[in-house]
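**Student:** Next up is a structure, given as structure tokens.
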Amino acid sequence: MVYSKRVDSRKFDQPREIEARVGIIKRADGSAYFKIGKTIAIAAVYGPRELYPAFKQNPETGILRCNYDMMSFSVTERKKPGPTRRSVEISLVTENALLPALDLSLFPNTVIDVFIQIIQADAGTRCAGISAAAMALADAGIPMKDLVSSISVGKVGDKIVLDLNKEEEDYEEGSTDIPVAIMPRNGEISLLQLDGDVEKEELLQALKLAKKGCDEIYKIQRQALKERYGGSAQDEL
Ligand code: CDP
């Protein structure tokens, strides 16, 4: 199926408009807001703090605990409150996407809690959540090897495109959605999921596009941290 023009007139390699801010939840140790098109994620970080129950503590390392959820009003069909199979899976892949950027052996016996809420969903919410969470961790002053930047790529009709919105995800007989997270400085991929069909060559092309998208997000994430912390944020990252 030929996909000649994107539903919202973007170029095939163009992400939606992105906005990012840190320090939005004052009670949290770190927090961030990340908006990409109509998808909005907020993240709050608490910790490192002592892990309870105490038998779960590990004297060798701290642990990262991510909790992803969507607000009931974030989607057109009300989302029932509480965890679902989907939110449990996304919480887990989010943890795995963020872990390579952290050295939790610095914080034995502790937990770092990361809460991610989707305020408005128009596809790409796990990626927006990861990009927000990485900024919130940095905002909490947790030493990081790098930020983690995340965006979805995929195949709509016959085209490989960057940052699918919901209408594109649902296009015709369904698209291929490939959420990706990257630590931009060394290019390490910490999330790669694939929902749909794609040829090897197309996947390679999609990954190149994801790298380009993550580089753009990285700039915006760093800018948001710089706006709060001045020059020092750049040195710390
Ligand atoms: O959001 P993401 O692309 O990471 O995950 P998904 O499971 O592929 O969901 C794609 C989109 O479906 C979400 O971003 C929402 O816009 C929509 N969705 C929904 O309308 N109701 C749900 N209960 C779950 C997802």
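The values are calculated or read from the model by the stated rules, or taken from the named source; none is laboratory data. Keep in mind that this is a model prediction, so the values were computed, not measured. All Cβ positions, glycine included, derive from the backbone under ideal geometry; neighbour counts span all protein chains shown. Areas reflect the complete protein model, heavy atoms only, side chains present, ligands, DNA and RNA absent. Shrake-Rupley method; radii C 1.70, N 1.55, O 1.52, S 1.80 Å.
**Student:** Would you be able to tell me the number of residues in the range 108-128 that are of a type in the set (A, V, I, L, M, F, W, C) and in a strand (DSSP E or B)?
**Tutor:** Result for the range 108-128: 7.
**Student:** Do the conditions hold for V148, that is, is it touching a strand residue (DSSP E or B) at 6+ places or on another chain (Cβ under 6 Å), β-branched (V, I, T), buried (at least 23 other Cβ atoms within 10 Å of the Cβ) and within 21 Å of V2 (Cβ to Cβ)?
**Tutor:** No; evaluated as a whole, the condition is false for this residue.
**Student:** Any residue in the range 89-96 that is within 11 Å of the ligand (Cβ to nearest atom), among the acidic types (D, E) and either closer than 18 Å to S190 by Cα or crowded, with 24+ Cβ neighbours inside 10 Å (or both)?
**Tutor:** Yes: one or more hits.
**Student:** Follow-up question, since we're still on this one. Residue check: is R49 part of a strand (DSSP E or B) and open to solvent by 60 Å² or more (accessible area, probe 1.4 Å)?
**Tutor:** The answer is yes for R49.
**Student:** Could you identify the single residue in E199, E168 that is without any contact (Cβ under 8 Å) to a residue 12 or more places away in the chain and either under 19 Å from I40 (Cβ atoms) or open to solvent by 50 Å² or more (accessible area, probe 1.4 Å) (or both)?
**Tutor:** E199
**Student:** I've got another one for you. Residues that are in contact with a Gly (Cβ under 7 Å, 6 or more places away or on another chain) and open to solvent by 10 Å² or more (accessible area, probe 1.4 Å): does the range 213-226 have at least one?
**Tutor:** no
**Student:** Give the residues of the range 66-83 that are open to solvent by 100 Å² or more (accessible area, probe 1.4 Å) and not polar (S, T, N, Q), sorted by residue number.
**Tutor:** Passing the criteria: F73, E77, R78, K80, P83.
**Student:** Taking the stated definitions as given, is P179 out of contact with any Asp or Glu (no Cβ under 7 Å at 6 or more places or on another chain) and either surrounded by 14 or more Cβ atoms within 10 Å (Cβ to Cβ) or at pLDDT 95 or above (or both)?
**Tutor:** Taking the combined requirement at face value, the residue satisfies it.
**Student:** Going by what's in this entry, would P100 be described as at negative phi and in a loop (DSSP other than H, G, I, E, B)?
**Tutor:** The answer is no for P100.
**Student:** Now a separate question. Given the structure, is A43 crowded, with 22+ Cβ neighbours inside 10 Å and in contact with a Phe, Trp or Tyr (Cβ under 8 Å, 6 or more places away or on another chain)?
**Tutor:** Answer is yes for this residue.
**Student:** Moving on to the next point. Return yes or no: is F115 closer than 30 Å to T76 by Cβ, open to solvent by 20 Å² or more (accessible area, probe 1.4 Å) and more than 16 Å from the ligand (Cβ to nearest atom)?
**Tutor:** yes
**Student:** Name the single residue that is farthest from A41 (Cα to Cα) among those in the range 121-138 being away from the ligand (no atom under 16 Å from the Cβ) and open to solvent by less than 10 Å² (accessible area, probe 1.4 Å).
**Tutor:** Restricting to residues being away from the ligand (no atom under 16 Å from the Cβ) and open to solvent by less than 10 Å² (accessible area, probe 1.4 Å), the top hit is L137.
**Student:** Continuing with the same structure: How many residues, within the range 65-90, are over 22 Å from K145 (Cβ atoms), in contact (Cβ under 8 Å) with a residue 12 or more places away in the chain and not in a loop (DSSP other than H, G, I, E, B)?
**Tutor:** 7
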